[in-house]
Structures are given as C-alpha cells and as structure tokens.
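Participant: Pasting a structure here, questions to come.
The values are calculated or read from the model by the stated rules, or taken from the named source; none is laboratory data. Because the structure is a prediction, the values reported are computed rather than measured. Glycine gets a Cβ as well: all are built from the backbone with ideal geometry, and neighbour counts include every protein chain shown. Calculation scope for accessible area: heavy atoms of the full protein, side chains included, ligands and nucleic acids excluded. Shrake-Rupley method; radii C 1.70, N 1.55, O 1.52, S 1.80 Å.
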Amino acid sequence: MLADRATKLTPPTRNDVRTYKGIAASPGIAIGRAVIIERREASVFRVPIREEEVASEVNRFLEALEKTRDELGELAQKVRRSMGEEYASIFDAHAMMVSDPSFADKVQQKIESEQVNAEWALAEVQEELQARFASFDDSYLRERVADVKDVADRVQTNLQGIAHHDLSEITHDVVILADDLTPSDTIHFNRRPIVGFASETGGRTSHTSIIAKSLFIPAVIGVARLTKMIDNDEMVIVDGYEGTLIVNPTQAMIAEYQSRVLRHEEAERKLLENRPLPAITKDNHQLTLQANIELVEELKDAVRFGAEGIGLYRSEFLYISKSPLLPTEEEHLQLYGALAEALAPRECVIRTFDLGGKKLAREVIGVREDNPVLGLRGLRLCMKHRDMFRTQLRALLRASTHGNIKIMFPLVTGVQEIRQVKTLIREIKSELDDEGLEYNNDLKVGIMVEVPSAAVIADILAKEVDFFAIGTNDLIQYSLAIDRANESVSYLYEPLHPALLRLIKNILDAGKAAGIPVSMCGEMAADPIYAVVLIGLGLEIFSMNPSSIPIIKNIVRSVRYRDCRRIAEMALQKRTAQEIEEFVIESVAMRFPEGLINKTV
Ligand code: PEP
Ligand code: MG
C-alpha cells in the first residue's frame, strides 16, 4: 500500500492545441517549453502497520535518510563553488542534522513502538523538535526551527518517492508550470533564463504576482489542475495580458504572438517618451509618481521608468533572499545606505519586514498557524521577534544619514502599536547615542494603512505619525474578506467597491486635515481607470511597479483634475463596483482622448 502511494501517473503526450484560462498576473508574452513543478506539501497520514512490517518500514526510513544526506552533500559542494563557504555551511549543517543519531533514533523508535508508517513518525518527531527549538530564549536556537523544517521536509519528500525538484537545476529557457509558487521561489526566477510561468494557485495581488511584475516575467495564475493537464516539454505560450495559456500552438499562432510582442514593445517605447515630463494634469495639478521595489536591482528600472523616489521598498525580500540566515545589521545598513544615496534627494520609504501571512510565516514563527493572514504578521511579528526587529531598526536609523530615508510599518491596527514601536525607536536612538553612532534625529516615521480599523480611525492615527501609505492589496483583502492569494475568490477583488472608496476617501481626508502626506502603494494605484478616481478623491502620491509609471503618467497628463473630482464625487454616489466602473469608463471615454484607458499599453 505504501509503495502504491509513491507511484505517480504520467499522462500520455498530446499534440492538440489547447487553451486554458487563468488570471492575468503579470503582463507580457512568453513562449517556451513547459517544465512542470509540483511542490505542494503532500499530506501525511497515519497508517498502522503490522509487526512483521516494522523492520522494512525502518529500512525505508533509513534509505530516505541516506538519500537526503547524499543530496545535501552534493548541494553543499554546488553552493560552495557558486556562492562560497558561508552559504555552503548551511547545507553542511543540514547534512549533520540528518546524520545525528538522536534524530534517526527518535523516528525509528516511534515506528517500532507505535507501529506506524515512517512518514507519520517523521512528521511527529519534526513537530516535537520544531516546538522545542521555538521555545528557546536564545534567538539563534529559535531560528534553527527553519533548518529542522527544511531537513525534515527533504527526508519526507524522499520517503514519499516524490521527485524533489530543485529550481536551480534548470539551465535552459523554459516556462515554469507549477501547482503552487511561493514569493521566494519566484524571486529566484530572475537568475535563470525562465521566460514565464503559470500556477494553479494565487491571486492578482498575491506577492508571487507582484514579484513576477517586478521581474518582468509574464505570468498567469489560478489555472485549475494545470500540472495534470500539461506535460513536461510541451510548447506553451503564456499570455500575461489576457491571462491565458496556449499549449501546442501552431506556427501561425506563434508568429502572431511574436508580432504582438513587437507591437507592445513599440507602444511601451512611445509611452516612455514622457519620462522627462512632470506628472501634471492639464489644469496644472501636480502629482508624484514613485516606484515600489522588492530588490535593489530594480532601482535601475525605477530610474528608467521615471520614478520620483521609492514609495515602498518591501524589505522582507532581503530576509527571504538570506533565509535561513538572518541579515546582519551591516547587511541591512549597506543596502539601505546604498538605496538612500542612489536616490537622494528623492525619498526612499523603507517598510520594515512584513513577514508572516503568506510570506515565510512558518519559517519565522516556527509553528503552523490556522489563519496566518490574521495571525503573527507585519509589525506584530516584528515586535514579538524583537532581536530581529532591533537589528533592522538600528540599521535604518544609521542609514538615515545617507539620504532621504523614511521608515514605514506594515499592518498597523491601532494607536497602541504605533506608540510601542515609537518607544522602541527612542530606546534604539539612545543606544546609538551611547555608542557614538550617527542617525537623523528627524527621521520620518509612517504607517501602511491597510487594515479597515486603521482606515476608519485614520483621523486619530494621523496625529501619531508623519505619513500614511494606503496598502490597497491588504485593505481589499481585509475589508472585503477575500484572501488575496486565493484564486477561488479573486472574482470578488473589487477596488471600486463603494466600501473601499469610502475608506480611501476617509484616509485621504484625515491626512489632509492633519497636514501629513498620503500615498498609495497598493496595486490599485497602477490601474488607469482607478487612477482617474483616485486623482479625483485627492490622492497626490502614487507608488507602483516601475513599468506602470509611464502608463499612469500618461493618464495624469491627459486629464483635468476638475473633471476627475467630478467623476469621483459621482462614483461615491453609486451602489456597486460594477456601476462605478461602467460610469468611470464611460466618463473617461467621453471626456478624454481615445485609447487612454487601454490597460495593456
Ligand atoms: C498592500 O498591502 O497594498 C501593500 C502595498 O503591501 P503588500 O502588497 O506588500 O502587502
Ligand atoms: Mg500589505
């Protein structure tokens, strides 16, 4: 029975043209051969075994251990050659963990004493070990939870006979088709010639989609049963504009898509001509367009597309790229200092780690949460893992002398959290004073307004901070109760929902009354139709993925503020998102030049 579970069916090769519909996650067209990746964690079931099966079950476990040890040894060698000793030592340490007799003995004892399958025994021991490490006071030991998980997952994979795919093994141009992709998987895609990807899970504003856009990788998500319906090596076109996958296209189809790529490139070149021009409406209302970035390498894109500063640097991607190691204070400092210097005198808003939720929740916290999106995430996670947070805050304060840095905190729900973090900053400042280290005492501190509670009490919060940034990706998730990474509810993603417009208006009005700047860095700010409404509601700072800047600048320069205000006023009177969208599209078509609302360039 156990052997049966390990058998995987390979579907027969097909030659017919097939089209699959998903969600357009990242614009662009990619053509390449499919590489299927199945990486969702397999469920582990408890299977009782007979006494005479115990010995062979123990053997099965020991074989999986041996295989894992060999794999880790090879991996350490590979990493040593490509990245150096520091990184290789992580995998050496993992290999040692596999060789530790107490780990193997514990699993073996469980199989024998409870007469259960090896997978179950391993999962139980893994949980015990993770809980033990998580309970240590010493932060170094606590952080080893991620290593235990990594090692145990590898053994589990080998045990279950599921091929362990390592993305680093891919060396030729391919389209990745996966059941599930994490933001950290996606971030590695830029290092190889991966031309596009598609996945079964995900939402339009999931971080996997956001990263795909940042890396200019065409992507389609939410394609049901994708990995079961497409075979390795089949030719695939990823249409990231329409959200479709075309499998086994004809030569004529490939030619048509190739010419579409050229048309898009031409349109993009034309739009980029507005790069040196200011983001100003026809009736002289001045706006600021900034960039969201996740990786330092994106800075050049921000400059290329004409960003006036960085409105959101998602610093957690520094953590993700270093994981399982924590970035040191010097690493933080070097990065933030370099960003600030490159941008000065323009501002660079650095958001402190927004980990948790779907971003490494388990690895950081060490335990599984039933509702990670409502659990330890953002500022609350950082306040709990205080050593990690202090390191980041010390570096941010020290980097503040290098340029125009602002600090921003994610997932704030009320005044108390802000007061606590401000106390922490004061403590760190006096620590730096004692050490004779410099910082900008006037460093501005702001918050993401991305939870309904914060949006509703924006007038109160505005008295506590120097600026607001509206995070519509989460504000929509939390106010409309839709998991932003769940493809099944993505049809409910409605940025023009009347509730959303009212919340946004409330935040903008509160910011204005208190005299603090309010920006928007959620994906909503990068959409031409929504931009018209947002301008009308009074938003003056838009921050978005760099490549959207020329599109939004084109909108700004084509409209009149006066008209946008009127459109926003009317939109606020409507009852549904659909009514609002229809009304806005109609108004734009009537008042402004043709082609203005073509979202795909
Ligand atoms: C948001 O929530 O809108 C936002 C900009 O932050 P993130 O997408 O990283 O959660
Ligand atoms: Mg957010």
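Participant: Of all the residues that make up the range 112-146, how many are of a type outside the set (S, T, N, Q) and free of Cβ contacts under 8 Å to residues at least 60 places away in the same chain?
Facilitator: Qualifying residue count, the range 112-146: 14.
Participant: In addition: Output the residue which, of all residues in the range 284-313 that are open to solvent by 10 Å² or more (accessible area, probe 1.4 Å) and more than 21 Å from Leu271 (Cα to Cα), is nearest to the chain's Cα centre (by Cα).
Facilitator: Among those residues, the one meeting the criterion is Leu295.
Participant: Right, next: When you scan the range 264-273, do you find a residue that is away from ligand 2 (no atom under 16 Å from the Cβ) and touching a strand residue (DSSP E or B) at 6+ places or on another chain (Cβ under 6 Å), even just one?
Facilitator: No; the residues of the range 264-273 include none that is away from ligand 2 (no atom under 16 Å from the Cβ) and touching a strand residue (DSSP E or B) at 6+ places or on another chain (Cβ under 6 Å).
Participant: Let me ask something else. Can you tell me which residue among Ala123, Ala118, Ala95 is of a type in the set (A, V, I, L, M, F, W, C) and either assigned by TED's automatic domain parsing to the domain that holds His385 or under 25 Å from Pro327 (Cβ atoms) (or both)? Let's see the steps before the verdict.
Facilitator: Details: Ala123 fails: either assigned by TED's automatic domain parsing to the domain that holds His385 or under 25 Å from Pro327 (Cβ atoms) (or both); Ala118 fails: either assigned by TED's automatic domain parsing to the domain that holds His385 or under 25 Å from Pro327 (Cβ atoms) (or both).
Step by step, each of Ala123, Ala118, Ala95 is checked, and only Ala95 is of a type in the set (A, V, I, L, M, F, W, C) and either assigned by TED's automatic domain parsing to the domain that holds His385 or under 25 Å from Pro327 (Cβ atoms) (or both).
Participant: Also: Given the conditions (1) under 26 Å from Lys553 (Cβ atoms); (2) among the polar types (S, T, N, Q); (3) within 16 Å of ligand 1 (Cβ to nearest atom), which single one is not true for Asn274?
Facilitator: The one condition Asn274 does not meet is (3).
Participant: Please return the ranges of helices (runs of 4 or more DSSP H) entirely within the range 454-544 where 2 or more residues are more than 13 Å from ligand 1 (Cβ to nearest atom). Show your work before the answer.
Facilitator: Numbers: elements: 458-461, 472-479, 498-514, 528-537.
Filter on the range 454-544 gives 458-461, 498-514, 528-537.
Participant: For the range 568-601, what are the residues that are modelled with pLDDT under 90 and not in a helix (DSSP H, G or I)?
Facilitator: Phe592, Pro593, Glu594, Gly595, Leu596, Ile597, Asn598, Lys599, Thr600, Val601
Participant: Those residues that are touching a residue at least 24 places away in the same chain (Cβ under 8 Å) and either outside any loop (DSSP other than H, G, I, E, B) or over 22 Å from Ala93 (Cα atoms) (or both), I need them from the range 312-329; list them, please.
Facilitator: Leu312, Tyr313, Arg314, Ser315, Glu316, Phe317, Tyr319, Ile320, Ser321, Glu329
Participant: For the range 476-494, what are the residues that are under 17 Å from Ala531 (Cα atoms) and either at pLDDT below 95 or within 14 Å of ligand 2 (Cβ to nearest atom) (or both)? Break it down into steps so the answer makes sense when it comes.
Facilitator: First, the residues of the range 476-494 that are under 17 Å from Ala531 (Cα atoms): 476, 493-494.
Listed by number, the residues that qualify are Ile476, Tyr493.
Participant: Quick one: which of Thr205, Thr288 is away from ligand 1 (no atom under 16 Å from the Cβ) and among the β-branched types (Val, Ile, Thr)?
Facilitator: Criteria check complete, one pass: Thr288.
Participant: What are the residues in the range 388-426 that are touching a strand residue (DSSP E or B) at 6+ places or on another chain (Cβ under 6 Å), open to solvent by 10 Å² or more (accessible area, probe 1.4 Å) and either outside the structural domain of Leu374 (by TED's automatic domain parsing) or away from ligand 1 (no atom under 16 Å from the Cβ) (or both), if any?
Facilitator: If the condition is that a residue be touching a strand residue (DSSP E or B) at 6+ places or on another chain (Cβ under 6 Å), open to solvent by 10 Å² or more (accessible area, probe 1.4 Å) and either outside the structural domain of Leu374 (by TED's automatic domain parsing) or away from ligand 1 (no atom under 16 Å from the Cβ) (or both), then Asn404 is the only one that fits.
Participant: Step by step: first the residues of the range 525-537, then only those that are open to solvent by less than 10 Å² (accessible area, probe 1.4 Å) and farther than 18 Å from Glu582 by Cβ, then the one that is farthest from ligand 2 (Cβ to nearest atom). Which residue is that? Even if it seems obvious, please write down each step before you answer.
Facilitator: Our first condition is that a residue be open to solvent by less than 10 Å² (accessible area, probe 1.4 Å); within the range 525-537, this holds for 525, 528-529, 531-536.
If we keep only those that are farther than 18 Å from Glu582 by Cβ as well, we get 525, 535.
Details: Ala525: 13, Ile535: 22 Å.
Selected residue: Ile535.
Participant: What pairs come out if I take residues in the range 387-398 that are in a helix (DSSP H, G or I) and pair them with residues that are open to solvent by less than 20 Å² (accessible area, probe 1.4 Å) and among the hydroxyl-bearing types (Ser, Thr, Tyr) whose C-beta lies under 8 Å away, six or more apart or interchain?
Facilitator: These pairs meet every condition: Phe389/Thr352; Gln392/Ser315; Gln392/Thr352; Leu393/Thr352; Ala395/Tyr336; Leu396/Tyr336; Leu396/Thr352.
Participant: Just name the residue that is surrounded by the fewest Cβ atoms within 10 Å (Cβ to Cβ) out of those in the range 427-453 that are within 15 Å of ligand 1 (Cβ to nearest atom) and aliphatic (A, V, I, L, M). Break it down stepwise before answering.
Facilitator: Filtering the range 427-453 down to residues within 15 Å of ligand 1 (Cβ to nearest atom) leaves 446-453.
This time we only want the ones that are aliphatic (A, V, I, L, M), so: 447-449, 451.
Working: Ile447: 29, Met448: 27, Val449: 31, Val451: 21.
Of everything passing the filter in the range 427-453, Val451 is surrounded by the fewest Cβ atoms within 10 Å (Cβ to Cβ).
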